[in-house]
Each structure stands twice: as C-alpha cells, then as structure tokens.
Amino acid sequence: MSRAQQSPEGKAFLPLAIAILTVSDSRKPETDKSGDKIAELASHAGHRIAARQIIADDAETLRAQMRDWIADPAIDVIIATGGTGVTGRDVTPEALAPLISKPIPGFGELFRMLSFQEIGTSTIQSRAEAAICDGTIVFLLPGSTGGVRLGMEAIVIPQLDIRHSPCNLSELLPRIRYEH
C-alpha cells in the first residue's frame with residue numbers, strides 16, 4: 001500500500017516527525033550507515049526527518065539530547081541506533097530509563113524473536129526497547145545496519161503507519177500526548 005492510499009477503514013497516511021539519534025564513539029555523518037538506513041526507511045514510508053544527531057556513548061549527554069527532543073512538540077518519534085549491547089560503553093537504555101513514562105516491552109520481545117530467526121542466540125545480547133516518554137514514542141535499535149533494517153521494516157514502520165490494522169502507535173499518539 002503506497003502512502004497515498006487509504007486503509008480499508010478510510011484512514012489516510014499521517015506523516016510523523018522523526019528524530020534520529022546515532023550512539024557511537026566512532027561514527028561520523030559520512031560513516032553512519034545505520035542512521036542513514038533509519039532515515040531512508042522512514043522517509044520512504046512518508047515520514048519527515050525532523051532532527052538527526054550523532055553522540056558518543058555517554059549516558060548524561062544521551063539523556064540530555066533525548067530530554068530536549070522529548071520536550072520538543074515538533075518531534076513525534078525518536079529512533080536511536082547503537083549503545084544497546086551489553087558492554088560497559090553500551091548505555092543507551094540506561095540513558096533513557098529515567099525519562100520513561102510507560103515502557104513498551106512487546107517491542108523488545110518481538111525484536112529479539114525476529115532477530116533470533118536471523119542471528120540465532122546472539123540476539124540475547126540486544127537490549128532493544130521502546131517506550132513512551134512524556135507523549136513521545138522512543139525506539140532503541142541496535143547499532144548494526146541489519147538490526148536497524150529488521151526493526152524498522154518489521155516493527156517500527158508498520159507501527160508508525162496509521163493505516164496498519166488492527167492497531168498501531170500512530171493512531172494512539174494524540175491520546176498519548178493528551179495524557180501527558
């Protein structure tokens with residue numbers, strides 16, 4: 001279904017404003033393949049890239065950036081890539097934790113189930129997750145381009161499409177924002 005089409009219920013596509021956060025000590029704009037993949041897939045789906053940043057693996061700096069974007073009414077969704085592994089430098093979930101209003105545990109569970117089909121038991125090293133943070137939807141994806149592709153294509157893009165049935169996060173966004 002192209003983004004110009006409507007769902008059987010008559011819902012027209014609703015583009016969202018997405019901020020992309022790449023968490024890495026080594027990536028630069030010209031080497032940020034995972035951030036590029038998020039931007040490509042989100043744009044192709046019809047969403048607008050509202051902001052994009054590369055930040056080193058530092059919990060306080062990451063938290064400050066996420067807090068700024070969460071407070072920005074012009075940003076609907078934050079998608080982070082990187083820092084979700086199990087090493088000492090992987091601090092993205094810890095940076096997000098104090099900002100979470102409501103966790104979405106099904107995202108991480110589904111991501112790891114789908115990832116298992118591609119990489120087997122290595123998926124246990126992923127701490128991919130999603131949450132609502134004061135009315136903003138936040139997804140934490142692995143730093144690998146394959147992990148980003150899987151998460152975006154199989155879960156994030158469908159859930160950010162208001163035409164996706166039987167339900168999606170996009171259609172809940174006004175209620176989520178109202179509640180916060």
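The values are calculated or read from the model by the stated rules, or taken from the named source; none is laboratory data. Treat the numbers as computed from the prediction; the structure is a model and nothing was measured. Neighbour counts are summed over all protein chains in view; Cβ atoms, including those assigned to glycine, are modelled from backbone coordinates with ideal geometry.
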Check your understanding: Do we have residue 99 as farther than 18 Å from residue 62 by Cβ and aliphatic (A, V, I, L, M) here?
Key -> no
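Would you confirm, using the coordinates I've provided, whether residue 100 is more than 20 Å from residue 41 (Cβ to Cβ) and either modelled with pLDDT of 95 or more or not charged (D, E, K, R) (or both)?
On the way: more than 20 Å from residue 41 (Cβ to Cβ): yes; either modelled with pLDDT of 95 or more or not charged (D, E, K, R) (or both): yes.
Yes.
Determine, yes or no, whether residue 127 is surrounded by fewer than 21 Cβ atoms within 10 Å (Cβ to Cβ) and assigned to a loop (DSSP other than H, G, I, E, B).
Criteria met by residue 127.
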Check your understanding: How many residues are under 17 Å from residue 45 (Cβ atoms) and more than 14 Å from the chain's Cα centre (by Cα) if we restrict to region 116-167?
Key -> 4
Review point. Is one or more of the residues making up region 69-88 of a type outside the set (Phe, Trp, Tyr), out of contact with any helix residue (DSSP H, G or I) (no Cβ under 8 Å at 6 or more places or on another chain), without any contact (Cβ under 8 Å) to a residue 12 or more places away in the chain and under 22 Å from residue 11 (Cα atoms)?
Key: no
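From 171, 94, 118, 109, grab the single residue that is of a type in the set (Asp, Glu) and free of Cβ contacts under 8 Å to residues at least 24 places away in the same chain. Don't jump to the end; show me each part of the working.
On the way: 171 fails: free of Cβ contacts under 8 Å to residues at least 24 places away in the same chain; 94 fails: free of Cβ contacts under 8 Å to residues at least 24 places away in the same chain; 118 fails: free of Cβ contacts under 8 Å to residues at least 24 places away in the same chain.
Of the residues listed, the single one that is of a type in the set (Asp, Glu) and free of Cβ contacts under 8 Å to residues at least 24 places away in the same chain is 109.
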Practice item. Take residue 52 and decide whether it is without any contact (Cβ under 8 Å) to a residue 40 or more places away in the chain and either under 23 Å from residue 159 (Cα atoms) or surrounded by fewer than 13 Cβ atoms within 10 Å (Cβ to Cβ) (or both). Key: yes
Check your understanding: All but one of (1) surrounded by 17 or more Cβ atoms within 10 Å (Cβ to Cβ); (2) under 28 Å from residue 73 (Cβ atoms); (3) of a type in the set (Asp, Glu) hold for residue 134; which doesn't?
Key -> (1)
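Being touching a Leu at 6+ places or on another chain (Cβ under 7 Å), hydroxyl-bearing (Ser, Thr, Tyr), at negative phi and modelled with pLDDT of 95 or more narrows it down to one residue among 121, 84; which is it? Full working, then the answer.
Numbers: 121 fails: touching a Leu at 6+ places or on another chain (Cβ under 7 Å).
It is 84.
State the number of residues belonging to region 142-180 that are assigned to a helix (DSSP H, G or I), among the basic types (Lys, Arg) and buried (at least 19 other Cβ atoms within 10 Å of the Cβ). Before you say what the answer is, go through the steps one by one.
Start the filter on region 142-180 by keeping residues that are assigned to a helix (DSSP H, G or I), which leaves 145-159, 169-179.
Cutting the leftovers down to among the basic types (Lys, Arg) gives us 149, 175, 177.
Within this subset, residues satisfying the condition of being buried (at least 19 other Cβ atoms within 10 Å of the Cβ) are none.
The number of residues fulfilling the criteria is 0.
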